[in-house]
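One structure below.
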Amino acid sequence: MQALEASRPSEIEDKSPARLLEEYCLSTLVLGAQFRFRPVPQKDYYLYRHLGQWELSLVGPAEWGLHTARVFVARCVLKLDMTWLVDIDSRALRNEEITQCLQDHATAWSQAVHEAGSVEEGLPTYVAALPYYQRVLASGLAASLKHSILRLDGPARAKLEILALPSAAS
């Protein structure tokens, strides 16, 4: 119960449609990673690619030194609105395997939103397949993004759907 309470957004930011979609996509990348701890807002975490999986860690790349087969991808911070700030490392963007994995995630995310029919319908309110902490944080992410969507005016909401579902506009 305490984890559920902690996953409620404590502040909601006004966001442009493009920023909302970017944060939604990148937040699902982090929540799809393996981790077995409860992330807290405003703390640094580190996203790695290891053995074909995304892995979120408390241990930064400098702390691993040369003693890891993990590829450092990004510094991640859980924001107070329960979205994730994902600062992708420039070296990771030069790694073809990593960029392909990031593109694959973005494509799968876009397809899932498209299949849901709208951004709001695609929000991860409850995802049974996720482990406990990821499921709780996904619920907080959904609540936050829903509030951000509701704050958009009519033209901005239309733009959100056009950006997310481009084939629906044609």
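The values are calculated or read from the model by the stated rules, or taken from the named source; none is laboratory data. Computed from a predicted structure; not experimentally measured. Glycine also receives a Cβ, built like all others from the backbone with ideal geometry; neighbour counts cover every protein chain displayed. Just so you know, the surface numbers come from the protein's heavy atoms only, side chains and all, with ligands and any DNA or RNA stripped out. Shrake-Rupley method; radii C 1.70, N 1.55, O 1.52, S 1.80 Å.
Some points to look at:
- Judged by the gyration tensor of its Cα atoms, with axes a ≥ b ≥ c, the stretch 114-163 is oblate; a/c meets the 1.5 cut and b/c is at least as large as a/b.
- Reachable aspartates and glutamates, given that their alpha-carbon falls under 19 Å from the alpha-carbon of LYS43 and they are not under 8 places away in the same chain: GLU5, GLU11, GLU13, GLU23, GLU55, GLU63, ASP81, ASP87, ASP89
- Considering every alpha-carbon pair of the stretch 15-111, the percent of pairs per 5 Å bin, from zero through the bin containing the longest distance, is 2, 13, 24, 27, 19, 11, 3, 1, 0.
- Cα gyration tensor, the stretch 68-116 - rounded (a/c under 1.5), prolate or oblate: oblate
- Summing +1 for each Lys or Arg and -1 for each Asp or Glu among the other residues whose beta-carbon sits under 15 angstrom from that of LEU165 gives -2.
- The Rg/Rh ratio for the chain, using Cα coordinates for both the radius of gyration and the Kirkwood hydrodynamic radius, is 0.97.
- Accessible area (Å², per residue) of the stretch 120-170, counting only protein heavy atoms and a probe of 1.4 Å: 55 Å²
- Where trypsin sites (Lys or Arg not before Pro) in DSSP loops with at most 15 other Cβ within 10 Å are excluded, longest remaining stretch of the chain: 95-170
- Excluding same-chain neighbours fewer than eight residues apart, the lysines reachable from LYS159 by a Cα-Cα span under 27 Å are LYS15, LYS79, LYS146.
- Axis of helix 132-151 versus longest Cα principal axis of the chain: the two differ by about 40°, to the nearest ten degrees.
- Diffusion of the stretch 71-170 by Stokes-Einstein, at 10 °C in a medium of 1.306 mPa s and with Rh set to the Kirkwood radius over alpha-carbon pairs, works out to 104 µm²/s.
- At most 12 other Cβ within 10 Å, DSSP loop - chymotrypsin sites (Phe, Trp or Tyr not before Pro), the stretch 52-88: none
- Derived scalar couplings ³J(HN,Hα) [the stretch 33-45; Karplus, 6.51 cos²θ - 1.76 cosθ + 1.60; whole Hz; x for Gly, Pro]: 6, 7, 6, 10, 9, 8, x, 10, x, 6, 10, 7, 10
- Among the protein heavy atoms of the chain, carbon and sulfur supply 54% of the accessible surface, probe 1.4 Å, non-protein parts ignored.
- Other-chain or far-sequence residues with amide H under 5 Å of GLN34's (modelled H): TRP54, GLU55, LEU56
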